[in-house]
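Undergrad: Before I ask anything, let me first share the structure, which is written out below as structure tokens.
What follows is calculated from the coordinates using simple rules that are stated; it is not laboratory data. Predicted, not measured: the structure shown is a model, and the values here were computed from it.
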């Protein structure tokens, strides 16, 4: 399944001539920590895609920094819904991607995508590409465009508490 999912993501990137930029790894990048270790960046720079129940049958996707957690109160204030994550089966059904490779690209259904401001402190971030051993490096602007995001939102907490480290890491990598 994840091979098909990876191919759907690569096909999605063809419209910007970026399919060759999808990185595939020998090791797993399924979790934030695994992806950070595999790519060699701080976990905060991994752009994780979280799937929530929307109104009716459509899921809402939130892409957030690897160190961010959903803030239930902010989520409810913005969406008018309780933050209820989808089960792994529902995620696969809605996105076409299995847990560990979920991303806002090459989606099975036309879903609403929102980007959390927790990622705005980085020049580039690394979202998955449909499989448990893939990623792509994108600028914030590219992520917004390629994901067809509706808008930047502030629905997370717990990130940036280690901003100094993030800034140092960002400078080291440049």
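Undergrad: How high is the relative contact order of the stretch 2-159, in percent, counting Cα pairs under 8 Å that sit 6 or more residues apart?
TA: The value is 30 percent.
Undergrad: Helix-derived [θ] at 222 nm for the chain: sum -39500 (n - 2.57) over DSSP H runs of at least 4, divide by residue count, nearest 500?
TA: One gets -9000 deg cm²/dmol as the mean residue ellipticity at 222 nm.
Undergrad: For the chain, with a Gaussian network of springs between Cα atoms less than 10 Å apart, report the residue from 29, 134, 87 with the top mean-square fluctuation.
TA: 87
Undergrad: Output the antiparallel fraction of DSSP beta bridges having both residues in the stretch 2-159, as a percent to the nearest 5.
TA: 60
Undergrad: Here's something else I'd like to know. Using alpha carbon centroids, what distance separates the stretch 65-119 and the stretch 32-62, in Å?
TA: The stretch 65-119 and the stretch 32-62 have Cα centres separated by 7 Å.
Undergrad: Still on this structure: Select from 44, 64, 149 the residue whose mean-square fluctuation is largest in a Gaussian network model of the chain (Cα-Cα springs shorter than 10 Å).
TA: Comparing 44, 64, 149 in the GNM, the peak value goes to 149.
Undergrad: Using every pair of alpha-carbon atoms in the chain, split the distances into 10 Å bins beginning at 0 and state the percent of pairs per bin, rounded to integers.
TA: Spelled out per bin, shortest first, that is 11, 41, 38, 10, 0.
Undergrad: With no solvent and one equal point scatterer per Cα, compute the Debye intensity ratio I(q)/I(0) for the stretch 1-63 at 0.13 Å⁻¹ and report its log10, rounded to two decimals.
TA: Log10 of I(q)/I(0), two decimals: -0.49.
Undergrad: On to the next question. Given a cut-off of 16 Å, what percent of all Cα-Cα pairs of the stretch 85-138 lie beyond it?
TA: The calculated P(r) of the stretch 85-138 puts 46 percent of pairs beyond 16 Å.
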